[in-house]
1. So which residues in segment 50-62 are within 15 Å of Y106 (Cα to Cα), open to solvent by 50 Å² or more (accessible area, probe 1.4 Å), of a type in the set (S, T, Y) and outside any loop (DSSP other than H, G, I, E, B), if there are any at all?
2. Search segment 71-99 for residues being of a type in the set (A, V, I, L, M, F, W, C) and not in a strand (DSSP E or B), and hand back the single one that is nearest to C137 (Cα to Cα).
3. Residues in segment 82-92: is at least one under 19 Å from I148 (Cβ atoms), open to solvent by less than 30 Å² (accessible area, probe 1.4 Å), charged (D, E, K, R) and at pLDDT 95 or above?
4. Is it the case that segment 125-133 has a residue that's farther than 18 Å from T146 by Cα and surrounded by fewer than 21 Cβ atoms within 10 Å (Cβ to Cβ)?
Amino acid sequence: MRFTRNAATVGALAALAVGATTALATTASAAPNVTPQGVCGSAYKTVNSAPVGSLGTVYLTYNSSNGKNCVATIRANPGTAKLMAAYVYVPDTGDSAEDSGNYTSYAGPIYIYGKGHCVSWGGSIDNVYVSVENSNCATLKEHRVTEIR
């Protein structure tokens, strides 16, 4: 009887250990990959970026195989949720995309078709806002603005 009880205890402890290891592994693998390629996808290459003060960076990436841009605002120090945003606008077509909310590490990704077009894009973290107008086009000079509101 004692052996049966000890075997059952050992079995239960082993099951708990496996369950805890699985839970920890799931939590670790669920952590966000806070690089532009981790957020937008590995096919997206960084073509431009702008600091959001000392709080983070907003990235403009491009996938040459599908002609889409992706924008993500990534915090320098993930932590407690803060109001964040990412946006992109294609003036030639009038198309735009935006993501905003309270996030712990990044806002976005947002995607828009931009092949052959200038794009305006930006992002914010807390009260620091960055906008880049007429970006990544040969004929116009881009214009960057950082505001603290």
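The values are calculated or read from the model by the stated rules, or taken from the named source; none is laboratory data. Only a predicted model underlies this, so the values are computations on that prediction, with no experimental measurement involved. Every residue, glycine among them, receives a Cβ derived from its backbone with ideal geometry; neighbour counts consider all protein chains shown. Remember, those area values only see protein heavy atoms, side chains included, never the ligands or the DNA or RNA. Shrake-Rupley method; radii C 1.70, N 1.55, O 1.52, S 1.80 Å.
1. Y59 - this is the single residue of segment 50-62 that is within 15 Å of Y106 (Cα to Cα), open to solvent by 50 Å² or more (accessible area, probe 1.4 Å), of a type in the set (S, T, Y) and outside any loop (DSSP other than H, G, I, E, B).
2. Here is the first cut: in segment 71-99, the ones of a type in the set (A, V, I, L, M, F, W, C) are 71-72, 74, 76, 81, 83-86, 88, 90, 97.
Subsequent filtering for residues that are not in a strand (DSSP E or B) retains 76, 81.
On the way: A76: 28, A81: 35 Å.
By that ranking, first place goes to A76.
3. First, pick out the residues of segment 82-92 that are under 19 Å from I148 (Cβ atoms): 82-87.
Applying the additional criterion that residues be open to solvent by less than 30 Å² (accessible area, probe 1.4 Å) yields 84-86.
Still in the list and also charged (D, E, K, R): none.
No, there is no match, as no residue in segment 82-92 is under 19 Å from I148 (Cβ atoms), open to solvent by less than 30 Å² (accessible area, probe 1.4 Å), charged (D, E, K, R) and at pLDDT 95 or above.
4. Taking segment 125-133 and keeping what is farther than 18 Å from T146 by Cα, we get none.
Taking every residue of segment 125-133 in turn, none turns out to be farther than 18 Å from T146 by Cα and surrounded by fewer than 21 Cβ atoms within 10 Å (Cβ to Cβ).
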